[in-house]
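Comments concern the structure below.
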Amino acid sequence: MDFLTIIQVLDSTIRLSTPLLLACLAGLFSERAGVFDIGLEGKMLAAAFFSAAVAALTGSVWLGLLAGIAASLALAGLHGLASITFRGNQLISGVAINFLAAGMTVLIAQDWFAQGGRTPSLMGGARFEPITLPFADALAGVPVLGPVYSELLSGHSVLVYVAFAAVPLTWWVLFRTRFGLRLRAVGENPAAVDTAGVSVVGLRYAAVAICGVLCGIAGAYLATALQAGFVKDMTAGRGFIALAALIFAKWRPWHAMYACLLFGFLQAVALRYQNIDIGGVVIPVQAMDALPYILTVVILAGFVGKAIPPRAGGEPYVKER
Amino acid sequence: MTAGGDTGRRDGAVPAIELRGISKAFGPVQANRDISIRVMPGTIHGIIGENGAGKSTLMSILYGFYRADKGEIFISGRKTDIPDSQAAIAAGIGMVFQHFKLVENFTVLENIVLGAEDGRLLKPSLAKARATLLDLAAEYGLNVDPDALIQDIGVGKQQRVEILKALYRQADILILDEPTGVLTPAEADQLFRILHRLREEGKTIILITHKLREIMDTTDTVSVMRRGEMTATVRTSETSPEQLAELMVGRKVLLRVEKAPAAPGKPVLEIENLRVIDEKGVERVKGIDLTVRAGEILGIAGVAGNGQSELLEVLGGMRAGTGTVRLNGAPLALSGAGSDGQARRARHIAHVPEDRQREGLIMEFHAWENVAFGYHRDPAYRRGLLMDNHALRRDTEAKIAKFDVRPADCWLSAKNFSGGNQQKIVVAREIERNPDLLLVGQPTRGVDIGAIEFIHKQIVALRDQGKAILLVSVELEEIFSLADRIAVMFDGHVMGERLPGETDETELGLLMAGVSGEAA
């Protein structure tokens, strides 16, 4: 394996990690506030479809992005309504959203475009184009650092940079601001927030909305940057891998990034090498695909430290004396 | 005795809090009916009443959790509307709940600042809070480490954090709901010293409790509630525990159980060199020897966490131990097969566990389902391969009637009964089995006076039938009123045994603190 191959695999790692990272941070905001969200997958899928559809119809990827965020926000609102206002079961609501998105996207796609549940291929301004970082071309010739900068770091779409910038931002919001303190508190003990005179419902809706926006960007990235258009079930379990990464990271932003990079790397390797031959033992590609989930089970089983979810997670808040 | 009368110190002519005609109903239940009180500034006012008398509802109205259906609230003479907790805080009301409202994995400082931050960024808020905290700590003797995590400090300290939270929000009126329920006697004493200090500084304190001694020791005035109504407001110095108890319950109550001297028979439970190591590898019971005879109550006194719980759990089959334990002369398995709760019941050991909500009941289940626990294999509850739920419900109804569980509804979930009635269900389930040995832990924790009297009577009645009873309680009063013999545990050891007539609280207190007497 030469240096350029490594760079290419890592480059693909970054691109494949991006939707995971955005969805993972989305889940982080929601779950830190005590609202479990297994509907990340559905929100991403809806965002992927609506961003691709609107981008295809208007020719503007930015309008597509907005449409994707709006669609994801609408589903997040639904989740909020079910689990915060009506105090329903958060898991059931999430499952329902996943099914809703899976069915609805294909149905509308067929109705609008009549291409077997896909959108037309996106071209030109309807897609996010790679951005070339300054001096990328000039530095390309420098040994080692040149390819790292010009191939690995440069040449991604703007959403990739947004995703990675969101990591320190999330950390800062959670641990350095009033909003973050309250958000974390409401996921641990909503009664403490309530008796302190702060609205539990308001905080949780805010968290769910942030989750919706981030899932929207993740979905739009899938359909308008990573690929050129929407196809049926294109999220392919990324929402669940993001959840796995969230548990793996124990609900911490920086660790979420590491986990997503790891899982993205596994996907990149699986994509490039169908079957890996290690000294005569062939590892099938399915094993690579399953690895994120296996790692999560290992984490949950307590082999690598203990993953303690936010204490009030999954429970609707009912005021008690 | 004037209901809603002008009591307390008269130098501050305007009451700090005045309630006029507060009423609140939940469906058909009238939780508060036309309640009026006046609390003068700089006093400690007690509100006493049984569980379900409406004390907590009243305070929740004051703190903006519920809105009263009728009535007015005046704070320092000004009519005040309290729609939510924020309004209560703004009106200078601070509340220390029975179950603390703290974020466990936050620091003390973060908990204090939460909801009362000064700006969008945390750093300046935390810095300011740190300074204020030091001032408050010095002023009122409320020392806590601002950087400690809540989960790492004891309940006494956690309660201080709650008080500090209120003071940080500049509360002038402090409401404490059952503040000593989770505290050791020493911690409770400390709390009352702090409350007196707060009173001296001009704060007004409302103390909600069902413990008569606390009312008598600390308050200036006291209001008694019964079934949603304020039955009396009196000066503490002009009343007596007996009078208050009668006002609370509506009839004369025995504060001490009347019991004949014990007539101990042959040994039922013999414990030799019992050791228990917990899941963290810490030795909690360090080789103890005890004997409980037929027809006697052995009371185990001690501050919580000195091995009593583990002792009960091993005997009840919830935990493994080593050593020799004999029941009626035959050995009892302490680990492995035959050491579970089912095996214990087969040997006629009944167990009223310390924490009824976690170990005694399933809160979401109906009363009749709870009555089956541990005895679900009873042939009387069986019909072929299935359970005979009708028989079980008939049995539950009989137990409910005998133990005066209220409401007498076997279809009600355990969580919908008051603490006292929950405990009655557990005690009924265990005592009605007529066991040879009854293990009972904290039988009256969080239970109101009427129910305490009833439960104590049942325990004594079982003893009088010649059964052996092992009682663990952190309430010395309870130990003194029930036990025929008292063993004190400290740090996993039995520090000594005493007869109730030949010892006093001071001596037991010393033993509980690990100071052994002459030849303990």
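The values are calculated or read from the model by the stated rules, or taken from the named source; none is laboratory data. Being a predicted model, the structure only gives us computed values, none of them experimental. Cβ coordinates were reconstructed from backbone atoms using ideal geometry, including for glycine residues, and neighbour counts include every protein chain displayed.
Kindly provide the set of residues from the stretch B:97-114 that are facing chain A (nearest Cβ under 10 Å) and either over 26 Å from residue B:151 (Cα atoms) or touching an Asp or Glu at 6+ places or on another chain (Cβ under 8 Å) (or both), ordered by number.
B:97, B:98, B:100, B:101, B:102, B:103, B:104, B:105, B:106
Which of (1) out of contact with any Gly (no Cβ under 9 Å at 6 or more places or on another chain); (2) away from chain B (no Cβ under 14 Å); (3) surrounded by fewer than 24 Cβ atoms within 10 Å (Cβ to Cβ) does residue A:248 not meet, given it meets every other one?
(3)
If only one of B:98, B:170, B:151 is over 23 Å from residue B:82 (Cα atoms) and in the same structural domain as residue B:59 (by TED's automatic domain parsing), which one is it?
From the options B:98, B:170, B:151, the qualifying one is B:151.
Inside the stretch B:112-159, can you point out the residues that are under 21 Å from residue B:174 (Cα atoms), among the β-branched types (Val, Ile, Thr), within 31 Å of the chain's Cα centre (by Cα) and not in a loop (DSSP other than H, G, I, E, B)?
If we filter the stretch B:112-159 for residues that are under 21 Å from residue B:174 (Cα atoms), which is where we start, we get B:112-117, B:129, B:132-144, B:155-159.
The next check asks that each one be among the β-branched types (Val, Ile, Thr); those that pass are B:112-113, B:132, B:144, B:155.
Those still in the list that are within 31 Å of the chain's Cα centre (by Cα) too: B:112-113, B:144, B:155.
Passing the criteria: B:112, B:113, B:155.
Sort out which residues of the stretch B:375-424 are surrounded by fewer than 19 Cβ atoms within 10 Å (Cβ to Cβ), at pLDDT 90 or above, assigned to a helix (DSSP H, G or I) and within 26 Å of the chain's Cα centre (by Cα), and write them in order of number.
Residues satisfying the conditions are B:401, B:402.
Looking at (1) over 22 Å from the mean Cα position of the chain (by Cα); (2) modelled with pLDDT of 95 or more, which is the one condition that is false for residue A:132?
Result: residue A:132 fails condition (2) only.
Go through (1) more than 27 Å from residue B:477 (Cα to Cα); (2) outside any helix (DSSP H, G or I) and name the single condition residue B:162 misses.
Of (1) more than 27 Å from residue B:477 (Cα to Cα); (2) outside any helix (DSSP H, G or I), only one is false for residue B:162: (2).
Out of B:200, B:214, B:162, which single residue is surrounded by fewer than 19 Cβ atoms within 10 Å (Cβ to Cβ), among the acidic types (Asp, Glu) and either over 30 Å from residue B:501 (Cα atoms) or outside the structural domain of residue B:449 (by TED's automatic domain parsing) (or both)?
On inspection, the qualifying residue turns out to be B:200.
Does the stretch B:115-135 contain at least one residue that is surrounded by 20 or more Cβ atoms within 10 Å (Cβ to Cβ), under 26 Å from residue B:66 (Cβ atoms) and within 14 Å of another protein chain (Cβ to nearest Cβ)?
yes
Out of everything in the stretch B:49-77 that is more than 14 Å from chain A (Cβ to nearest Cβ) and in contact (Cβ under 8 Å) with a residue 60 or more places away in the chain, what residue ends up being farthest from residue B:193 (Cα to Cα)?
Out of the qualifying residues, it is B:77.
Return the only residue of A:206, A:242, A:185 being at negative phi, crowded, with 24+ Cβ neighbours inside 10 Å, touching a residue at least 24 places away in the same chain (Cβ under 8 Å) and part of a helix (DSSP H, G or I).
A:242
In contact with a Pro (Cβ under 7 Å, 6 or more places away or on another chain), away from chain B (no Cβ under 14 Å) and buried (at least 23 other Cβ atoms within 10 Å of the Cβ): does that describe residue A:219?
The answer is no for residue A:219.
What are the residues in the stretch A:72-90 that are among the aliphatic types (A, V, I, L, M) and in contact with a Gly (Cβ under 7 Å, 6 or more places away or on another chain), if any?
If the condition is that a residue be among the aliphatic types (A, V, I, L, M) and in contact with a Gly (Cβ under 7 Å, 6 or more places away or on another chain), then A:73, A:75, A:76, A:82 are the ones that fit.
Of everything in the stretch B:72-94, what is surrounded by 17 or more Cβ atoms within 10 Å (Cβ to Cβ) and in contact with a Leu (Cβ under 8 Å, 6 or more places away or on another chain)? Give them in sequence order.
Residues satisfying the conditions are B:73, B:82, B:88, B:93, B:94.
A quick yes/no check of all residues on (1) assigned to a helix (DSSP H, G or I); (2) not hydrophobic (A, V, I, L, M, F, W, C):
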position	(1), (2)
A:80	yes, yes
A:96	yes, no
A:99	yes, no
A:133	no, no
A:142	no, no
A:151	yes, yes
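Residue check, residue B:46 against (1) of a type outside the set (A, V, I, L, M, F, W, C); (2) within 14 Å of chain A (Cβ to nearest Cβ); (3) touching a helix residue (DSSP H, G or I) at 6+ places or on another chain (Cβ under 7 Å); (4) in contact (Cβ under 8 Å) with a residue 40 or more places away in the chain, all met but one. Which one?
(2)
For the stretch B:90-111, how many residues meet the condition of being among the β-branched types (Val, Ile, Thr) and either assigned to a helix (DSSP H, G or I) or closer than 21 Å to residue B:42 by Cα (or both)?
Of the residues in that region, 3 qualify.
Here is a list of conditions, (1) surrounded by fewer than 18 Cβ atoms within 10 Å (Cβ to Cβ); (2) within 30 Å of residue B:406 (Cα to Cα); (3) assigned by TED's automatic domain parsing to the domain that holds residue B:298, and residue B:353 meets all of them except one; can you say which number that is?
(1)
How many residues, within the stretch B:344-368, are touching a residue at least 12 places away in the same chain (Cβ under 8 Å) and in a helix (DSSP H, G or I)?
Total meeting the criteria: 8.
Which is in contact with a Ser or Thr (Cβ under 9 Å, 6 or more places away or on another chain) and either aliphatic (A, V, I, L, M) or within 30 Å of residue A:318 (Cβ to Cβ) (or both), of A:196, A:185, A:191? Please lay out each step first, then the result.
Working: A:185 fails: in contact with a Ser or Thr (Cβ under 9 Å, 6 or more places away or on another chain); A:191 fails: in contact with a Ser or Thr (Cβ under 9 Å, 6 or more places away or on another chain).
After applying the criteria, what remains is A:196.
For residue A:64, indicate whether it is assigned to a helix (DSSP H, G or I) and surrounded by 14 or more Cβ atoms within 10 Å (Cβ to Cβ). Please lay out each step first, then the result.
Numbers: assigned to a helix (DSSP H, G or I): yes; surrounded by 14 or more Cβ atoms within 10 Å (Cβ to Cβ): yes.
Considered against the rule, which asks whether it is assigned to a helix (DSSP H, G or I) and surrounded by 14 or more Cβ atoms within 10 Å (Cβ to Cβ), residue A:64 comes out as yes.
Which of the residues that make up the stretch B:443-477 are assigned to a helix (DSSP H, G or I), modelled with pLDDT of 90 or more and in contact with a strand residue (DSSP E or B) (Cβ under 8 Å, 6 or more places away or on another chain)?
Of everything in the stretch B:443-477, those that are assigned to a helix (DSSP H, G or I), modelled with pLDDT of 90 or more and in contact with a strand residue (DSSP E or B) (Cβ under 8 Å, 6 or more places away or on another chain) turn out to be B:459, B:460, B:462, B:463.
I'd like to know if the stretch A:258-268 contains one or more residues that are farther than 27 Å from residue A:67 by Cα, more than 14 Å from every other protein chain (Cβ to nearest Cβ), surrounded by fewer than 24 Cβ atoms within 10 Å (Cβ to Cβ) and not hydrophobic (A, V, I, L, M, F, W, C).
Yes: one or more hits.
Out of the residues in the stretch A:188-203 that are surrounded by fewer than 21 Cβ atoms within 10 Å (Cβ to Cβ) and more than 7 Å from chain B (Cβ to nearest Cβ), state the one that is nearest to residue A:214 (Cα to Cα).
By that ranking, first place goes to A:202.
Please give the number of the condition residue B:80 fails out of (1) in contact with a strand residue (DSSP E or B) (Cβ under 6 Å, 6 or more places away or on another chain); (2) facing chain A (nearest Cβ under 10 Å); (3) without any contact (Cβ under 8 Å) to a residue 24 or more places away in the chain.
Going through (1) in contact with a strand residue (DSSP E or B) (Cβ under 6 Å, 6 or more places away or on another chain); (2) facing chain A (nearest Cβ under 10 Å); (3) without any contact (Cβ under 8 Å) to a residue 24 or more places away in the chain one by one, residue B:80 breaks only (2).
Counting only residues that are loosely packed, with under 14 Cβ neighbours inside 10 Å and under 24 Å from residue A:23 (Cβ atoms), how many does the stretch A:137-177 have?
The total comes to 5.
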